[in-house]
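> Quick one: structure below, then a few questions.
Just so you know, all these numbers are worked out from the coordinates, no wet-lab data involved. Given the structure is predicted, the values throughout are model-derived calculations rather than measurements. Glycine gets a Cβ as well: all are built from the backbone with ideal geometry, and neighbour counts include every protein chain shown.
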Amino acid sequence: MAMRVATSPIRTRIGRTPWTAPVPIAPRPTSLGPPTVRIAGTDVHLTDADGARAVIASAVHTREEAPLAVVSINLDHIHHAGGLPPAAGRARWLNLIDGAPIAQEARRLTGTPWPRLAGSDLIGDILTQASAEHWSVAVLGGAPEVRHSLHHRVTAEWPGVRLVGHWTPTREELASPEASSRIAEQIRSAGADIVIVCLGKPRQEKWIADHGHETAAGVLLAFGAVVDFLAGRVSRAPRWVSDAGFEWMWRLMLEPRRLARRYLIEGPPAYMAVRRSSARQGA
């Protein structure tokens, strides 16, 4: 159970008008292991890269009835899916901090710094473990023309991975429950341990909520543009750009037509929703 946020009056240097600062809250325990805090209507798990990989590996090994869905929580997620609970019982959701505003808010609420865990940062180590343990991996999403380059890189860098299929459905197919169920059944027949789902928000989260359990995979990774990063179609931002919190600007520069609306129109209201969340918890 989360503790109520206490507040204390702090006087400003100019004048005597008090304002209230939130005392760090106690994160809530969860069955997955990492505790959570609630940001803009979304439960966010507090963990590091080792902790996230441990939860993912456990889900592959144990194969519970409900698969593990791993989601990146950023401003794009807050805009499209914040506060909307996924289908109950069909998946267990691991919501990872992705994006500087979410990391800053988690630190503001708990008094502890938490690392950003973007899918593009985690995927290399996940595939390294998959290669060592010979996991089977399926990919859902991306353009048909990236299949060859993606397959070439995975087999070259992670030779122990069994790449059992790459599905690139159209939007019409994804909108069809029947077509999506057929894809899920094909993934099930292929015997995938992990499915990398790269359909963009909120389509990938909705597909996992509706059809992820039909794949019988242990883990479904809602990792957005990871398919393009792995295939070399889009380059990652330099580390110093990412560490400074400006990876969004780098991606906007590379893909202005596709990402302008996300970052310049949808992003600011989502950021304000995140800040209002902190203000409410501190009231």
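> Can you tell me the FRET efficiency between Glu172 and Glu145 if r is taken as the Cβ-Cβ distance and R0 is 25 Å, rounded to the nearest 0.05?
Efficiency, from the Cβ-Cβ distance: 0.85.
> Using only C-alpha atoms and all pairs of different ones, pull out the Kirkwood radius for segment 25-231 in Å with one decimal.
Computed over segment 25-231, the radius equals 17.1 Å.
> Relative contact order of segment 28-77, please, whole-number percent, based on alpha carbon pairs below 8 angstrom and at least 6 residues apart.
22 percent
> Compute the relative contact order of segment 25-231 as a whole-number percentage, counting only Cα pairs closer than 8 Å that sit 6 or more residues apart in sequence.
After rounding, I find 25 percent.
> I've got another one for you. Let's see if you can work this out: charge +1 on each Lys and Arg Cβ, -1 on each Asp and Glu Cβ, no other charges. What is the dipole magnitude of segment 25-231 about its Cα centre, in debye to the nearest 20?
Dipole size: approximately 300 debye.
> While we're here: Write down the percent of antiparallel bridges among all DSSP beta bridges whose residues are both part of segment 25-231, to the nearest 5.
15 percent
> Starting from 0.36 nm per residue, how many nanometres of slack lie between Arg257 and His152 once their C-alpha separation is accounted for?
That works out to 34.9 nm of additional length.
> With a sphere of radius 13 Å drawn around the Cβ of Thr110, what net charge do the other residues whose Cβ falls strictly inside it have (Lys, Arg +1; Asp, Glu -1)?
Cβ neighbours under 13 Å give a net charge of +3.
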